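The values are calculated or read from the model by the stated rules, or taken from the named source; none is laboratory data. Just so it is clear, the structure is predicted and the values come from calculations on it, not from any experiment. Positions of Cβ are backbone-derived with ideal geometry, glycine not excepted, and every protein chain shown enters the neighbour counts. Ligands, DNA and RNA are stripped out before the accessible areas are found, and what is left, the full protein with its side chains, is counted by its heavy atoms. Shrake-Rupley method; radii C 1.70, N 1.55, O 1.52, S 1.80 Å.
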Amino acid sequence: MIRGPFLTLPNVISLARIPLAIAAVATYAGGVRLAAQLLMVASFLTDALDGAVARWTGSTSQWGRVLDPLADKIVFAVFAVAFARFGVIPWWLVFTLVGRDLFISIGSALHMGRIGEVPSSNLLGKASTAALAAYLFKQAFWPAAPVALGLDPLGWTAVAILLVSTSSYVLLYLRHQARPESKATRAEPLTG
């Protein structure tokens, strides 16, 4: 069970990421390039801002540990589907990204049931988010010729970091499964 306040400033910032992404896609589709760039950057920056505000104000919460990665997953799905429809990224990347996010979400829910609290993201998860954001932004506005399977070197770097971070979560989950723990045991990262 998720405990604590829901409507905190960091959580509102996390949730704002979704309409910013939708507005970025709408302006991109309308050909308003500068507005699309600003909205896309704003949606990505809220990912760093929500955590910073939570730490600065002492308002970290279990809801924040759920909403932040959930907002990330929705935002990346919005951008990925839109940019695949516009032909700037390959569809297999969309399916890989969405499938990975579903896999991580299910694993996180199972992990939460085992340890009794919401797990948080790790450094590799944050790195995969940053790499994917950089690739999507660059590809949307300055698309590069693919080197293989529709991706350029930055795209392949993002995919590699995504796979490494996913593997780290799987290993962490398996490590927790292999040892007996009480519900009072401190959570280790699993979402990303």
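When shorter helices are ignored and each DSSP H run of at least 4 residues is given -39500 (n - 2.57), the per-residue value for the chain at 222 nm works out to -25500 deg cm²/dmol. Evaluated over the Cα positions of region 1-76, the convex hull gives a direction-averaged projected area, one quarter of its surface, of 4.9 nm². Between Arg33 and Gln177, the C-beta separation translates, for a Förster distance of 45 Å, into a calculated FRET efficiency of about 0.40.
With a 1.4 Å probe and all protein chains left in place, how much accessible area per residue does the chain have, in Å²? Kindly include the intermediate steps, with their values, before the conclusion.
On the way: 9570 Å² over 192 residues.
Counting only protein heavy atoms, the per-residue value for the chain is 50 Å².
If you look at the Cα atoms of the chain, you get an Rg and a Dmax of 17.2, 55 Å. Segment Leu110..Val12, full-extension length gain: 32.7 nm, with 0.36 nm per residue of separation and the alpha-carbon distance subtracted. Highest average first, the peptides 25-31, 63-69 ordered by how many other beta carbon atoms sit within 10 Å of their residues are 63-69, 25-31. Here the accessible area of the chain is 74 percent carbon and sulfur, with a 1.4 angstrom probe and all protein chains present.
Straightening the chain between Leu163 and Lys138 buys 7.0 nm, computed as 0.36 nm per residue apart minus the Cα-Cα spacing.
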